[in-house]
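All remarks here apply to the structure that follows.
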Amino acid sequence: MLEKEVTERHRPVMPEEVLALLAPERGGLIVDATLGMGGHTELILGSAPAVQVLGLDRDAESIRLAEERLARFGDRFKAVQSDYREIASVVAERGLESVDGILVDLGISSYQLDNPERGFSFRGGEAALDMRMDRSQGETAADLINRLAEGELADLIFEYGEERASRRIARRIIQEREVAPIGTTAQLAELVIRAVNQPGHWKIHPATKTFQALRIAVNQELDGLGDFVTAAVELLKPEGRLVIITFHSLEDRMIKQALRLEAGQCKCPPRQMLCVCGARRKIEILTRKALVPSEEEVKRNPRARSAKLRACRRLDG
């Protein structure tokens, strides 16, 4: 696929809602902490001539494509290869103490999903079972499923994939790898089908939740989410905005709880005399309930169907 086609196929999720809540017309510097293909950043830069964007991403290939896509914005856009959870360090390294907005989209990009070399999807045929967002380090999904014990695999698939057949799938993985290591997306997808005994056609492929669970584990996607929210709030200037898009119920729950804490909503037991949870009112939550994509957007972009958006505004002082 040509690189122009790759970027044109990428559709940023909930674009109107992101712009409305991020309010880039205020100007200043916004950090797109999960740059991906640069779709959201393109909208931000195009909507407000006074704003600049610093993009972070773990994936060097995505950064390269985003830089090509956003070249017309000149020095209004800069990119750094880094995990979004390192945002405080990245901002400090640039000599800054605060920013005007932060956007985080915790989904996986279309480029990563559709690129068979990355091993994120079972739809690309026979491909190496990789799933790393940063291919320069860490275990692959193949390393993980060929190393973990049966109980550990079952727990991982159940917790991160919310897969009720996790024990049957784990048992089948162990049986298969005793014959030969499991190394490809097609191998894993086929053994999941056999484990859950679902031949034929499906609305949702039987291996979807297992692949999701492995991707989350490989990239440690749930680690440090609460700490990230704390760090992001500390980086915001008064009136600065934080917008977070999640695609998994566990992610959304963690983000909701972290935002409530930053909004001063104590989570200590009601009868406890002193608050020890650290709740301090630093933000106003702008989304009483998580926003979800419209039916029209889901029709245009089915991958947006599980997205949830939450946002807050930094208070003075």
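The values are calculated or read from the model by the stated rules, or taken from the named source; none is laboratory data. Computed from a prediction, not measured in an experiment: that's the story for all the values here. No Cβ is skipped: glycine too gets one built from the backbone with ideal geometry, and neighbour counts run over all protein chains shown.
Just a few scattered comments:
- One residue from THR230, THR287 being assigned to a helix (DSSP H, G or I) and in the same structural domain as VAL31 (by TED's automatic domain parsing): THR230
- Residue pairs whose Cβ atoms lie under 9 Å apart, separated by 6 or more positions or on different chains, with the first residue in segment 110-129 and farther than 11 Å from PHE211 by Cα and the second of a type in the set (Lys, Arg) and modelled with pLDDT under 70, are SER110/ARG9; TYR111/ARG9; ASP114/ARG9.
- Number of positions in segment 74-89 that are within 20 Å of GLY27 (Cα to Cα) and buried (at least 18 other Cβ atoms within 10 Å of the Cβ): 3
Quick grid of which residues meet (1) assigned to a loop (DSSP other than H, G, I, E, B); (2) of a type in the set (Ser, Thr, Tyr); (3) closer than 24 Å to GLU251 by Cα:
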residue	(1), (2), (3)
HIS40	no, no, yes
GLU68	no, no, no
ARG85	no, no, yes
SER89	no, yes, yes
SER121	yes, yes, yes
GLU126	yes, no, no
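- The residues of segment 304-317 that are surrounded by fewer than 16 Cβ atoms within 10 Å (Cβ to Cβ) and in contact (Cβ under 8 Å) with a residue 60 or more places away in the chain, listed by number, are ASP316, GLY317.
- Qualifying residue in segment 236-248 (condition: closer than 23 Å to ARG11 by Cβ and at pLDDT below 95): yes
- Answer residue from segment 147-204, given it is part of a helix (DSSP H, G or I) and among the small types (Gly, Ala, Ser) and is surrounded by the fewest Cβ atoms within 10 Å (Cβ to Cβ) among those: GLY151
- Top-ranked residue in segment 222-262 [being farther than 18 Å from SER98 by Cα and touching an Asp or Glu at 6+ places or on another chain (Cβ under 6 Å); ranked as surrounded by the fewest Cβ atoms within 10 Å (Cβ to Cβ)]: THR246
- Selection within segment 243-264 - of a type outside the set (A, V, I, L, M, F, W, C) and part of a loop (DSSP other than H, G, I, E, B): HIS248, GLY264
- Among the residues of segment 16-33, the one identified as on the phi < 0 side of the Ramachandran plot, part of a strand (DSSP E or B) and more than 21 Å from the chain's Cα centre (by Cα) is LEU29.
- Meets criteria (among the small types (Gly, Ala, Ser), touching a residue at least 24 places away in the same chain (Cβ under 8 Å) and closer than 26 Å to ALA307 by Cα) for ALA142: no
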